[in-house]
Amino acid sequence: MITRIQEIHRLQYGPAADLTVYFSPGRVNLIGEHIDYNGGYVFPAALSIGNFGAFSPRADRCVRLYSENFPGAGVVTLDLDRLDYRKADSWANYAKGVIRELQARRPFSHGFDAVVWGDLPQASGLSSSASIELLFATYLNDAFALGLSRPNLAVLCKKVENEYIGVNCGIMDQFVIANGKKDHALLLDCATLAFSAVPLDLKDHDIVIVNSKVKRGLVDSKYNERRAECDAALAILAKSVPVRALCELDKPTFVSAAAGLPDVLFRRAKHAVFENARTIGAAEQLNQGDLAAFGAAMNASHDSLRDDYEVSIPELDRLVELALEHGAIGARMTGAGFGGCTVNLVPKALVPAFSVGVAEGYYRSFGLLAEVYVAAPSDGTRKVA
Ligand code: GLA
């Protein structure tokens, strides 16, 4: 893909002396869902699939952006001093937001020509947008010697997503994409951003991602609704216990303080508190090599996301059922929900039969062709050529 993206860059912009290529991964979350914005622990991994970017500097203050994934959008041409959000600029808004945020610290001396090309399925819950944000942020941080650390780049990209793009996401996606480590998952405390890389010693098991091919339609409105419900539950709980984020509560404290919560708020807050405990436990179980317990925690996470947090959909529930019927020892939806993917822990020897069995069963139930990928946990965003 590196040679090919260099070639696309040359075809779009002509020969460039100073051409560099970066790769930015997608991510899959193993467990710890919908708790990054509640101050909880999450356990994601960066993937070997993602977005490549080829970049060359220019002498003037012009920026040209082209994505091989959105050829219809053509080359978006910008001025470094005029970077307002424009719907018509589609994917290029992610790059524009990052450029603008970085320039708020120190204006760039010149522009650049960029080509993006990725093998991450779009709108599938594997964080294509955060991947593109970090792709540009990492290149620009290097090209202009801005000296920002990887965690700082992640925080900056989250700010772009929240304020420029207008999606109220938490920190998980940007953080793991910036800081991922090959063959590891990151146990990240979203309250402090302290993290550790945990070796994914999966003993003859693979992490298998199944794409439901249901595009995440309602996700933005429902995501914001869940965030608001968590805030409402927190405000009620804070009247009786000193607490600033739901995941500060342990299970017994939550249970004894929760009597006054209306049913829906109780279930939302319960998911956050129990999922946080499950995630900390699951990382420990993995450390101890107890894969069966890790898989059981994944299953319990899915049940909670389906029944208490209500962010799953029948298609994802069916994929989880089929996964368990076809040999997975753990299966759950991953990401924001309302479409996208499931993540499954599958004995390596069963992966071929698993892939066929799940895809066939899913087609029979919904008439949709699921896609199956074996995940290879990889390093965070980096220069590759
Ligand atoms: C999306 C958001 C993340 C996180 C997940 C749910 O991916 O971008 O911040 O909240 O949903 O865990």
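Tabulated data for the structure shown
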| item | result |
| --- | --- |
| Ranking by accessible area, most exposed first, for T20, T342 with a 1.4 Å probe | T20, T342 |
| For the stretch 346-385, convex hull volume per residue from C-alpha positions, Å³ | 118 Å³ |
| Peptides ranked, highest mean first, by Cβ atoms within 10 Å: ranges 72-85, 119-132 | 119-132, 72-85 |
| For G50, residues with placed amide H under 5 Å, excluding near neighbours | G26, D119, L120 |
| Total formal charge among the other residues, if their Cβ is under 13 angstrom from that of T138, Lys/Arg +1 and Asp/Glu -1 | 0 |
| Under the Karplus curve 6.51 cos²θ - 1.76 cosθ + 1.60, θ = phi - 60°, whole-Hz ³J(HN,Hα) for the stretch 197-214, x wherever Gly or Pro sits | 8, 9, x, 8, 8, 9, 6, 6, 10, 10, 8, 10, 9, 10, 8, 5, 6, 8 |
| Cα gyration tensor, the stretch 195-315 - rounded (a/c under 1.5), prolate or oblate | oblate |
| Estimated D of the stretch 10-125 in µm² per second, where Rh is the Kirkwood radius over Cα pairs and Stokes-Einstein applies at 20 °C, 1.002 mPa s | 134 µm²/s |
| Fraction in percent of alpha-carbon pairs per bin - 5 Å, the stretch 248-352 | 2, 13, 20, 21, 19, 13, 8, 3, 1, 0 |
| Carbon plus sulfur fraction of accessible area for the chain, probe 1.4 Å, in percent | 53 percent |
| Per residue solvent-accessible surface (Å²) - the chain, probe of 1.4 Å | 40 Å² |
| Built amide H within the under 5 Å cut-off of Y41, gap 5+ | C190 |
| Those lysines that a straight Cα-Cα span of less than 25 Å connects to K158, excepting residues fewer than 8 apart in one chain | K87, K96, K181, K182, K215, K222, K383 |
| Cross-link partners of K239 among lysines (Cα-Cα below 20 Å; sequence separation of 8 or more within a chain) | K251, K270 |
| Protein-only accessible surface order, largest first, of F136, F52, F70 at 1.4 Å | F70, F52, F136 |
| Three-way shape label, the stretch 1-69, alpha-carbon gyration tensor, a/c 1.5 | prolate |
| Computed over the chain: relative contact order in percent, which uses C-alpha pairs under 8 Å that are six or more apart | 24 percent |
| Loop-resident sites, the stretch 85-178, for trypsin sites (Lys or Arg not before Pro), counting at most 16 other Cβ within 10 Å (DSSP) | R86 |
| Two-decimal log10 I(q)/I(0) for the chain, as the Debye equation yields it once each C-alpha is a single scatterer, q = 0.11 Å⁻¹ | -0.78 |
| Projected-area mean, the stretch 311-372, by convex hull of Cα positions, square nanometres | 3.7 nm² |
| Karplus (6.51, -1.76, 1.60) ³J(HN,Hα), θ = phi - 60°, over the stretch 238-247, in Hz, Gly and Pro reported as x | 5, 6, 10, 10, x, 8, 10, 8, 4, 6 |
| Karplus 3J(HN,Hα) series, Hz, for the stretch 263-277 with 6.51 cos²θ - 1.76 cosθ + 1.60 (x for Gly, Pro) | 3, 4, 5, 4, 5, 5, 5, 4, 3, 4, 5, 6, 5, 5, 4 |
| Charge dipole of the chain about the Cα centre (unit charges at C-beta), most positive-ward option of S304, P242, V116 | V116 |
| Residues whose placed amide H lies under 5 Å from that of A123, excluding near-sequence neighbours | S128 |
| Assigned charges on the beta-carbon of Lys, Arg, Asp, Glu; the stretch 6-135 dipole about Cα centre (debye) | 280 debye |
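The values are calculated or read from the model by the stated rules, or taken from the named source; none is laboratory data. Not measured: the values here are computed from a predicted model. Glycine gets a Cβ as well: all are built from the backbone with ideal geometry, and neighbour counts include every protein chain shown. Calculation scope for accessible area: heavy atoms of the full protein, side chains included, ligands and nucleic acids excluded. Shrake-Rupley method; radii C 1.70, N 1.55, O 1.52, S 1.80 Å.
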